[in-house]
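First up is the structure itself, then whatever we jot down about it.
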Amino acid sequence: MAAYWLVKSEPFKYSWDQFVKDGQTFWDGVRNYQARNNLRGMKKGDLVFFYHSNEGLEIVGIAKVVKEAYQDPTTDDTNWVVVDLKPVKKLPKPVTLAQMKADIRLEKLGLIKQGRLSVSSVTVEEWGVIEEMAGF
DNA sequence: GCCAACGTTGGC
DNA sequence: GCCAACGTTGGC
């Protein structure tokens, strides 16, 4: 069964639109062990919310894991890995951080509990709640 | 631009 | 191995 995740990106660095234009990307730049462990936990076919930090502060789309963790090509340090992600679809309505914070069902969401973590896991329940908010 | 949260580093 | 100092992230 597929698992669910959430990744954050600063739009000026790598936005959803850029992601869609590229068609696929490797998720690099993770330099935090907890986030790294989450990357390693991703399996092919898992779904990933794409969140814009700093600007927007909202989940804008859904991506899919197309290749599981492998050595980060941007460094020789074997501590770090990347995964390949592909855009699946844009949310009908973006879901903002404020909306998520306001919903009691999402109080345990990694994004809210640990705002600085760039890759976090999302439970099936949380995924469902957010999809509902997004207008699916 | 400020500040809180939190991870990392380094002295002991 | 503890803990203070420091750096970074990200919301506001």
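Just so you know, all these numbers are worked out from the coordinates, no wet-lab data involved. Quick caveat, the model's predicted, so the values are computed rather than measured. Don't worry about glycine lacking a Cβ; one is built from the backbone with ideal geometry, like all the others, and counts go over all protein chains shown.
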Problem - Check: the stretch A:4-134 dipole with +1 on Lys, Arg Cβ and -1 on Asp, Glu Cβ, in debye - result: 120 debye
Exercise for the section: May I ask for the distance between the Cα centers of the stretch A:1-55 and the stretch A:100-136, given as a whole number of Å? Expected result: 15 Å
Problem - Calculated FRET value between A:ASP17 and A:THR96, using beta carbons and R₀ = 22 Å, to 0.05 - result: 0.80
Problem - 25 °C / 0.890 mPa s Stokes-Einstein diffusion coefficient of chain A, Kirkwood radius on C-alpha pairs, µm²/s - result: 165 µm²/s
Exercise for the section: Rounded to the nearest 500, what is the 222 nm mean residue ellipticity of chain A from helices alone, with -39500 (n - 2.57) per DSSP H run of 4+ residues and division by all residues? Expected result: -7000 deg cm²/dmol
Handout entry: Cα long-axis angle, helix A:124-134 against chain A (0 to 90 degrees, to the nearest 10)
Key = 60 degrees
Handout entry: Taking chain A and dividing mean pair separation by its residue count, relative contact order in percent (alpha carbons under 8 Å, at least six apart)
Key = 30 percent
Exercise for the section: Mind checking the full-extension length gain between A:PHE26 and A:ARG105? Use 0.36 nm per residue of separation minus the Cα-Cα distance, one decimal, nm. Expected result: 25.3 nm
Exercise for the section: Please work out the FRET efficiency for the pair A:THR78 and A:GLU10, using the Cβ-Cβ distance as r and a Förster radius of 30 Å; give the result to the nearest 0.05. Expected result: 0.70
Handout entry: Among the listed pairs A:LYS21/A:LYS113; A:LYS67/A:LYS89; A:LYS21/A:LYS101, those beyond 28 Å (Cα-Cα)
Key = A:LYS21/A:LYS113; A:LYS21/A:LYS101
